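Here is the structure we will look at, set down as C-alpha coordinates.
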Amino acid sequence: MAITGAILKDIAEYREENEITIYRTPTDINSPCQNGSWGILWETFSNRLNVKNIILSGGPLYRNKYFGLNPNLISLEPIGYMIGHYLTEAKNTLYCIAKDNRQAMAIFEKVTSKYIEALKIEGEKMLAAGLEEWALEIKKIPVKAKVDEIPKILIFGGINLVYDHYPVENYFLEVGIIPKVVEYAELIELTLSSFLVRFGFKRGYTTPKEHFDESLFDYSNFNKKELKEAERAIRSKKTLRLFNSQCQSFRRLIGKTGLLFDPQVDFETILETGNEYASINAITETPMIIGRFIHSLKSGVYDGLINLSTFNCQPAMNSQPIIRPLANESDIPYAALDCEGPWLSTNQKRLLETMAVQAKRVRKRRNELILKS
(Lines give C-alpha, C1' and ligand atoms only; values in the text may rest on other atoms or scores of the structure.)
Protein backbone atom coordinates (compact mmCIF):
# COMPACT_ATOMS: atom_id res chain seq x y z
CA MET A 1 0.00 0.00 0.00
CA ALA A 2 2.85 2.38 0.79
CA ILE A 3 4.54 1.72 -2.55
CA THR A 4 1.25 2.11 -4.44
CA GLY A 5 0.48 5.35 -2.61
CA ALA A 6 3.90 6.79 -3.38
CA ILE A 7 3.51 6.04 -7.09
CA LEU A 8 0.00 7.54 -7.25
CA LYS A 9 1.24 10.65 -5.45
CA ASP A 10 4.09 11.01 -7.93
CA ILE A 11 1.73 10.66 -10.91
CA ALA A 12 -0.77 13.15 -9.48
CA GLU A 13 1.60 15.79 -8.13
CA TYR A 14 5.10 15.55 -9.61
CA ARG A 15 5.04 13.87 -13.00
CA GLU A 16 5.38 16.24 -15.96
CA GLU A 17 3.10 15.98 -18.99
CA ASN A 18 5.82 14.95 -21.49
CA GLU A 19 7.69 12.67 -19.09
CA ILE A 20 8.31 9.01 -19.88
CA THR A 21 8.27 7.18 -16.54
CA ILE A 22 9.26 3.69 -15.39
CA TYR A 23 8.31 2.81 -11.81
CA ARG A 24 10.52 0.07 -10.45
CA THR A 25 8.82 -2.44 -8.18
CA PRO A 26 10.48 -4.77 -5.64
CA THR A 27 9.79 -7.82 -7.77
CA ASP A 28 7.75 -8.80 -10.80
CA ILE A 29 8.01 -12.54 -10.20
CA ASN A 30 4.72 -14.42 -9.83
CA SER A 31 4.40 -15.88 -6.34
CA PRO A 32 1.71 -17.06 -3.87
CA CYS A 33 1.88 -13.91 -1.74
CA GLN A 34 1.11 -10.21 -2.02
CA ASN A 35 4.04 -9.74 -4.44
CA GLY A 36 2.18 -11.94 -6.91
CA SER A 37 -0.65 -9.38 -7.00
CA TRP A 38 1.40 -6.52 -8.46
CA GLY A 39 0.56 -7.39 -12.09
CA ILE A 40 -3.22 -7.32 -11.52
CA LEU A 41 -2.96 -4.19 -9.40
CA TRP A 42 -1.04 -2.20 -12.00
CA GLU A 43 -3.28 -3.32 -14.84
CA THR A 44 -6.31 -2.10 -12.91
CA PHE A 45 -4.65 1.19 -12.04
CA SER A 46 -3.50 1.71 -15.61
CA ASN A 47 -7.03 1.30 -16.99
CA ARG A 48 -8.52 3.66 -14.40
CA LEU A 49 -5.86 6.37 -14.65
CA ASN A 50 -5.67 6.30 -18.44
CA VAL A 51 -2.16 7.78 -18.39
CA LYS A 52 0.34 7.47 -21.22
CA ASN A 53 4.11 6.90 -21.37
CA ILE A 54 4.19 5.03 -18.07
CA ILE A 55 5.44 1.55 -17.20
CA LEU A 56 3.90 0.87 -13.79
CA SER A 57 5.67 -2.37 -12.98
CA GLY A 58 9.12 -3.43 -13.97
CA GLY A 59 12.74 -3.90 -13.14
CA PRO A 60 15.85 -3.75 -15.34
CA LEU A 61 16.42 -7.38 -16.37
CA TYR A 62 18.24 -9.32 -19.08
CA ARG A 63 15.01 -10.00 -20.96
CA ASN A 64 14.16 -6.26 -21.28
CA LYS A 65 17.77 -5.24 -21.99
CA TYR A 66 17.98 -3.57 -18.57
CA PHE A 67 15.73 -0.73 -19.79
CA GLY A 68 18.71 0.60 -21.71
CA LEU A 69 20.74 1.10 -18.54
CA ASN A 70 24.32 -0.03 -18.03
CA PRO A 71 24.20 -3.78 -17.11
CA ASN A 72 27.32 -3.35 -15.00
CA LEU A 73 25.56 -0.71 -12.92
CA ILE A 74 22.58 -3.01 -12.41
CA SER A 75 24.83 -5.86 -11.27
CA LEU A 76 26.56 -3.55 -8.77
CA GLU A 77 23.27 -2.56 -7.16
CA PRO A 78 22.83 -5.74 -5.05
CA ILE A 79 26.50 -5.56 -4.11
CA GLY A 80 25.83 -2.07 -2.77
CA TYR A 81 22.96 -3.48 -0.71
CA MET A 82 25.22 -6.13 0.75
CA ILE A 83 28.10 -3.82 1.60
CA GLY A 84 25.59 -1.59 3.37
CA HIS A 85 24.25 -4.63 5.23
CA TYR A 86 27.71 -5.67 6.41
CA LEU A 87 28.54 -2.10 7.46
CA THR A 88 25.35 -2.02 9.54
CA GLU A 89 26.22 -5.36 11.14
CA ALA A 90 29.65 -4.02 12.07
CA LYS A 91 28.10 -0.79 13.37
CA ASN A 92 25.68 -2.67 15.64
CA THR A 93 28.50 -4.76 17.07
CA LEU A 94 30.69 -1.72 17.66
CA TYR A 95 27.85 0.07 19.40
CA CYS A 96 27.64 -2.74 21.96
CA ILE A 97 31.37 -3.28 22.61
CA ALA A 98 32.86 0.22 22.28
CA LYS A 99 34.25 1.92 25.39
CA ASP A 100 32.39 5.09 24.43
CA ASN A 101 29.64 4.19 21.98
CA ARG A 102 28.66 7.79 21.29
CA GLN A 103 32.19 8.68 20.25
CA ALA A 104 32.54 5.36 18.40
CA MET A 105 29.40 6.05 16.36
CA ALA A 106 30.67 9.54 15.45
CA ILE A 107 33.95 8.07 14.19
CA PHE A 108 32.12 5.26 12.39
CA GLU A 109 29.87 7.71 10.52
CA LYS A 110 32.80 9.93 9.60
CA VAL A 111 34.93 7.06 8.24
CA THR A 112 31.97 5.49 6.43
CA SER A 113 30.97 8.82 4.84
CA LYS A 114 34.56 9.22 3.64
CA TYR A 115 34.34 5.78 1.99
CA ILE A 116 31.04 6.65 0.30
CA GLU A 117 32.40 9.95 -1.03
CA ALA A 118 35.45 8.12 -2.42
CA LEU A 119 33.09 5.77 -4.29
CA LYS A 120 31.27 8.73 -5.80
CA ILE A 121 34.50 10.27 -7.06
CA GLU A 122 36.63 7.27 -8.02
CA GLY A 123 33.95 4.70 -8.79
CA GLU A 124 33.96 0.91 -8.70
CA LYS A 125 37.70 0.53 -8.15
CA MET A 126 37.24 1.92 -4.63
CA LEU A 127 34.74 -0.76 -3.58
CA ALA A 128 37.44 -3.08 -2.24
CA ALA A 129 40.36 -0.66 -1.83
CA GLY A 130 38.20 1.76 0.10
CA LEU A 131 37.00 -0.97 2.46
CA GLU A 132 40.61 -1.89 3.24
CA GLU A 133 41.22 1.67 4.43
CA TRP A 134 37.85 1.79 6.18
CA ALA A 135 38.57 -1.40 8.17
CA LEU A 136 41.97 -0.11 9.33
CA GLU A 137 40.37 3.07 10.70
CA ILE A 138 37.45 1.33 12.39
CA LYS A 139 39.76 -1.21 14.04
CA LYS A 140 41.46 1.64 15.94
CA ILE A 141 38.30 2.44 17.93
CA PRO A 142 38.75 1.34 21.59
CA VAL A 143 36.49 -1.48 22.80
CA LYS A 144 35.57 -2.70 26.28
CA ALA A 145 34.68 -6.33 25.53
CA LYS A 146 35.17 -9.16 23.06
CA VAL A 147 32.46 -9.78 20.49
CA ASP A 148 32.06 -13.39 21.63
CA GLU A 149 31.20 -12.26 25.17
CA ILE A 150 28.19 -10.15 24.18
CA PRO A 151 24.69 -11.66 23.74
CA LYS A 152 23.40 -11.73 20.17
CA ILE A 153 19.95 -11.90 18.58
CA LEU A 154 19.11 -12.89 15.00
CA ILE A 155 16.12 -11.19 13.40
CA PHE A 156 14.95 -13.31 10.45
CA GLY A 157 11.84 -13.66 8.29
CA GLY A 158 10.42 -13.06 4.82
CA ILE A 159 11.01 -10.32 2.29
CA ASN A 160 8.96 -7.80 4.29
CA LEU A 161 11.62 -8.02 6.97
CA VAL A 162 13.58 -5.31 5.14
CA TYR A 163 10.81 -2.80 5.94
CA ASP A 164 9.85 -3.47 9.55
CA HIS A 165 12.96 -4.66 11.43
CA TYR A 166 14.10 -1.22 12.63
CA PRO A 167 12.29 -0.91 16.00
CA VAL A 168 13.26 -4.46 16.99
CA GLU A 169 16.88 -3.83 16.01
CA ASN A 170 16.96 -0.53 17.93
CA TYR A 171 15.42 -2.07 21.03
CA PHE A 172 18.17 -4.66 21.42
CA LEU A 173 20.89 -2.09 20.80
CA GLU A 174 19.52 -0.01 23.66
CA VAL A 175 19.78 -2.95 26.09
CA GLY A 176 23.31 -3.97 25.04
CA ILE A 177 22.45 -6.96 22.85
CA ILE A 178 23.91 -7.20 19.33
CA PRO A 179 21.08 -7.57 16.79
CA LYS A 180 21.73 -9.00 13.36
CA VAL A 181 19.11 -8.80 10.64
CA VAL A 182 19.32 -11.84 8.38
CA GLU A 183 21.44 -11.08 5.34
CA TYR A 184 19.73 -9.35 2.42
CA ALA A 185 21.77 -11.69 0.22
CA GLU A 186 19.39 -14.53 1.08
CA LEU A 187 16.45 -12.61 -0.37
CA ILE A 188 18.41 -11.88 -3.56
CA GLU A 189 19.50 -15.52 -3.78
CA LEU A 190 15.90 -16.68 -3.28
CA THR A 191 14.78 -14.59 -6.25
CA LEU A 192 17.62 -15.84 -8.46
CA SER A 193 17.15 -19.47 -7.43
CA SER A 194 13.46 -19.36 -8.39
CA PHE A 195 14.44 -19.74 -12.06
CA LEU A 196 16.44 -22.89 -11.22
CA VAL A 197 13.60 -24.32 -9.15
CA ARG A 198 10.98 -23.79 -11.85
CA PHE A 199 13.27 -25.27 -14.49
CA GLY A 200 14.06 -28.36 -12.40
CA PHE A 201 10.52 -28.94 -11.15
CA LYS A 202 9.14 -29.00 -14.71
CA ARG A 203 11.53 -31.88 -15.34
CA GLY A 204 10.51 -33.93 -12.32
CA TYR A 205 13.05 -32.82 -9.71
CA THR A 206 11.91 -31.72 -6.26
CA THR A 207 14.90 -30.93 -4.02
CA PRO A 208 17.26 -27.95 -4.02
CA LYS A 209 20.21 -30.30 -4.48
CA GLU A 210 18.65 -31.55 -7.74
CA HIS A 211 17.62 -28.09 -8.91
CA PHE A 212 21.17 -26.79 -8.48
CA ASP A 213 22.80 -29.82 -10.17
CA GLU A 214 23.23 -28.98 -13.86
CA SER A 215 24.56 -32.48 -14.67
CA LEU A 216 21.05 -33.95 -14.21
CA PHE A 217 19.70 -32.22 -17.32
CA ASP A 218 20.09 -33.63 -20.82
CA TYR A 219 20.14 -30.49 -22.96
CA SER A 220 20.49 -32.49 -26.19
CA ASN A 221 16.81 -33.53 -25.97
CA PHE A 222 15.41 -30.02 -25.32
CA ASN A 223 13.27 -28.20 -27.85
CA LYS A 224 13.70 -24.50 -28.65
CA LYS A 225 11.49 -23.31 -25.78
CA GLU A 226 13.18 -25.63 -23.29
CA LEU A 227 16.62 -24.44 -24.40
CA LYS A 228 15.55 -20.86 -23.74
CA GLU A 229 14.41 -21.85 -20.25
CA ALA A 230 17.68 -23.70 -19.75
CA GLU A 231 19.69 -20.64 -20.76
CA ARG A 232 17.81 -18.55 -18.24
CA ALA A 233 18.38 -21.11 -15.47
CA ILE A 234 22.10 -21.35 -16.29
CA ARG A 235 22.38 -17.57 -16.35
CA SER A 236 20.73 -17.41 -12.92
CA LYS A 237 23.08 -20.04 -11.54
CA LYS A 238 26.15 -18.16 -12.83
CA THR A 239 24.79 -14.94 -11.34
CA LEU A 240 24.24 -16.71 -8.03
CA ARG A 241 27.80 -18.03 -8.03
CA LEU A 242 29.26 -14.61 -8.87
CA PHE A 243 27.09 -12.81 -6.32
CA ASN A 244 28.00 -15.28 -3.59
CA SER A 245 31.71 -14.92 -4.37
CA GLN A 246 31.50 -11.13 -4.23
CA CYS A 247 29.62 -11.23 -0.93
CA GLN A 248 32.33 -13.44 0.57
CA SER A 249 35.01 -11.05 -0.69
CA PHE A 250 33.43 -7.91 0.78
CA ARG A 251 32.47 -9.69 3.98
CA ARG A 252 36.10 -10.76 4.39
CA LEU A 253 37.29 -7.15 4.01
CA ILE A 254 34.80 -5.74 6.51
CA GLY A 255 35.49 -8.72 8.79
CA LYS A 256 39.05 -7.44 9.29
CA THR A 257 37.56 -5.12 11.89
CA GLY A 258 36.68 -8.16 14.01
CA LEU A 259 33.09 -6.92 14.19
CA LEU A 260 31.37 -9.61 12.06
CA PHE A 261 30.58 -12.77 13.98
CA ASP A 262 28.38 -15.05 11.85
CA PRO A 263 29.99 -16.64 8.77
CA GLN A 264 28.14 -16.59 5.46
CA VAL A 265 25.87 -19.60 5.01
CA ASP A 266 25.61 -21.55 1.76
CA PHE A 267 22.13 -20.77 0.43
CA GLU A 268 21.64 -24.21 -1.12
CA THR A 269 22.20 -25.71 2.34
CA ILE A 270 19.56 -23.40 3.83
CA LEU A 271 17.03 -24.41 1.19
CA GLU A 272 17.88 -28.11 1.51
CA THR A 273 17.29 -27.95 5.27
CA GLY A 274 14.05 -26.00 4.95
CA ASN A 275 12.78 -28.23 2.14
CA GLU A 276 12.46 -31.11 4.60
CA TYR A 277 9.60 -29.21 6.25
CA ALA A 278 8.10 -27.10 3.43
CA SER A 279 8.60 -27.63 -0.30
CA ILE A 280 10.88 -25.21 -2.09
CA ASN A 281 8.88 -25.84 -5.27
CA ALA A 282 6.17 -23.40 -4.17
CA ILE A 283 8.74 -20.56 -4.68
CA THR A 284 8.10 -18.88 -1.32
CA GLU A 285 10.18 -17.71 1.63
CA THR A 286 8.81 -20.46 3.92
CA PRO A 287 11.59 -23.08 3.45
CA MET A 288 14.24 -20.33 3.49
CA ILE A 289 12.96 -19.03 6.84
CA ILE A 290 12.80 -22.54 8.34
CA GLY A 291 16.24 -23.46 7.01
CA ARG A 292 17.75 -20.27 8.42
CA PHE A 293 16.17 -20.93 11.82
CA ILE A 294 17.51 -24.50 12.03
CA HIS A 295 20.99 -23.51 10.88
CA SER A 296 21.15 -20.59 13.36
CA LEU A 297 19.88 -22.81 16.16
CA LYS A 298 22.66 -25.33 15.56
CA SER A 299 25.43 -22.78 14.99
CA GLY A 300 25.63 -21.67 18.63
CA VAL A 301 26.28 -18.09 17.52
CA TYR A 302 22.99 -16.62 18.73
CA ASP A 303 21.44 -16.37 22.16
CA GLY A 304 17.96 -15.62 20.84
CA LEU A 305 16.03 -15.86 17.57
CA ILE A 306 13.15 -13.66 16.40
CA ASN A 307 10.93 -14.59 13.47
CA LEU A 308 9.64 -11.21 12.29
CA SER A 309 6.93 -10.99 9.64
CA THR A 310 3.90 -9.04 8.51
CA PHE A 311 0.49 -10.58 9.05
CA ASN A 312 -0.44 -10.44 5.35
CA CYS A 313 2.73 -12.25 4.24
CA GLN A 314 1.37 -15.79 4.02
CA PRO A 315 4.71 -17.58 3.36
CA ALA A 316 6.24 -15.95 6.44
CA MET A 317 3.21 -16.78 8.56
CA ASN A 318 3.34 -20.39 7.35
CA SER A 319 6.82 -20.73 8.85
CA GLN A 320 5.60 -19.98 12.37
CA PRO A 321 3.60 -23.17 13.12
CA ILE A 322 6.39 -25.27 11.58
CA ILE A 323 9.14 -23.60 13.62
CA ARG A 324 7.26 -23.48 16.93
CA PRO A 325 7.63 -27.20 17.88
CA LEU A 326 11.27 -27.12 16.78
CA ALA A 327 11.88 -24.08 18.98
CA ASN A 328 10.17 -25.77 21.95
CA GLU A 329 12.76 -28.55 21.83
CA SER A 330 15.61 -26.04 22.20
CA ASP A 331 16.82 -23.97 25.15
CA ILE A 332 17.50 -20.96 22.90
CA PRO A 333 14.87 -18.20 23.34
CA TYR A 334 12.59 -17.84 20.33
CA ALA A 335 9.73 -15.48 19.53
CA ALA A 336 7.49 -14.83 16.53
CA LEU A 337 6.38 -11.24 15.97
CA ASP A 338 3.75 -10.01 13.50
CA CYS A 339 4.28 -6.38 12.51
CA GLU A 340 2.30 -4.23 10.10
CA GLY A 341 5.00 -1.58 9.85
CA PRO A 342 8.10 -0.20 11.61
CA TRP A 343 6.50 0.12 15.03
CA LEU A 344 5.90 -2.06 18.10
CA SER A 345 2.84 -2.58 20.27
CA THR A 346 3.02 -2.57 24.08
CA ASN A 347 2.71 -6.38 24.21
CA GLN A 348 5.47 -6.76 21.62
CA LYS A 349 7.78 -4.58 23.70
CA ARG A 350 7.09 -6.79 26.72
CA LEU A 351 7.92 -9.86 24.65
CA LEU A 352 11.22 -8.27 23.57
CA GLU A 353 12.02 -7.46 27.21
CA THR A 354 11.57 -11.12 28.08
CA MET A 355 13.74 -12.15 25.12
CA ALA A 356 16.48 -9.76 26.22
CA VAL A 357 16.58 -11.17 29.77
CA GLN A 358 16.65 -14.75 28.48
CA ALA A 359 19.33 -14.02 25.86
CA LYS A 360 21.61 -12.42 28.45
CA ARG A 361 21.09 -15.44 30.70
CA VAL A 362 22.00 -17.85 27.87
CA ARG A 363 25.14 -15.87 26.96
CA LYS A 364 26.24 -15.72 30.60
CA ARG A 365 25.90 -19.49 30.89
CA ARG A 366 27.87 -20.02 27.67
CA ASN A 367 30.62 -17.65 28.76
CA GLU A 368 30.94 -19.51 32.07
CA LEU A 369 31.25 -22.84 30.24
CA ILE A 370 33.99 -21.42 27.99
CA LEU A 371 35.93 -20.18 31.03
CA LYS A 372 35.68 -23.58 32.72
CA SER A 373 36.92 -25.39 29.62
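The helices (runs of 4 or more DSSP H) located wholly in the range 109-184 that include 1 or more residues which are surrounded by 19 or more Cβ atoms within 10 Å (Cβ to Cβ) and modelled with pLDDT under 95 occupy 126-138, 161-164. Each residue in the range 292-316 was checked for being within 18 Å of the chain's Cα centre (by Cα), within 22 Å of Glu340 (Cβ to Cβ) and assigned to a loop (DSSP other than H, G, I, E, B), and 2 of them qualify.
Listed here are the residues, each with its yes/no results for (1) buried (at least 19 other Cβ atoms within 10 Å of the Cβ); (2) touching a residue at least 40 places away in the same chain (Cβ under 8 Å); (3) among the β-branched types (Val, Ile, Thr).
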position	(1), (2), (3)
Tyr66	no, no, no
Leu69	no, no, no
Leu76	no, yes, no
Gly84	no, no, no
Leu87	yes, yes, no
Leu94	yes, yes, no
Ile97	yes, yes, yes
Asp100	no, yes, no
Ile107	no, no, yes
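When the range 323-365 is filtered for residues that are of a type in the set (Val, Ile, Thr) and modelled with pLDDT of 95 or more, the ones remaining, listed by number, are Ile323, Ile332, Thr354, Val357, Val362.
Per-residue answers, yes or no, for (1) in a helix (DSSP H, G or I); (2) among the polar types (S, T, N, Q); (3) modelled with pLDDT of 85 or more:
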{"position": "Ile3", "(1), (2), (3)": "yes, no, no"}
{"position": "Ile11", "(1), (2), (3)": "yes, no, yes"}
{"position": "Asn18", "(1), (2), (3)": "no, yes, yes"}
{"position": "Ile29", "(1), (2), (3)": "no, no, no"}
{"position": "Trp38", "(1), (2), (3)": "yes, no, no"}
{"position": "Glu43", "(1), (2), (3)": "yes, no, no"}
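Among the residues making up the range 254-271, those that are surrounded by 19 or more Cβ atoms within 10 Å (Cβ to Cβ) and outside any loop (DSSP other than H, G, I, E, B) are Ile254, Thr257, Phe267, Glu268, Ile270, Leu271.
Here the range 170-189 is the region considered, the condition is being under 8 Å from the mean Cα position of the chain (by Cα) and of a type in the set (D, E, K, R), and the residue that is nearest to Pro263 (Cα to Cα) is Glu183.
Residues that are touching a strand residue (DSSP E or B) at 6+ places or on another chain (Cβ under 9 Å) and among the polar types (S, T, N, Q) were ranked within the range 331-368; the one that is nearest to Ile178 (Cα to Cα) is Gln358.
The values are calculated or read from the model by the stated rules, or taken from the named source; none is laboratory data. Because the structure is predicted, anything quoted here is derived from the model rather than measured. So basically every Cβ, Gly included, is an ideal-geometry build from the backbone, and we count neighbours across all protein chains shown.
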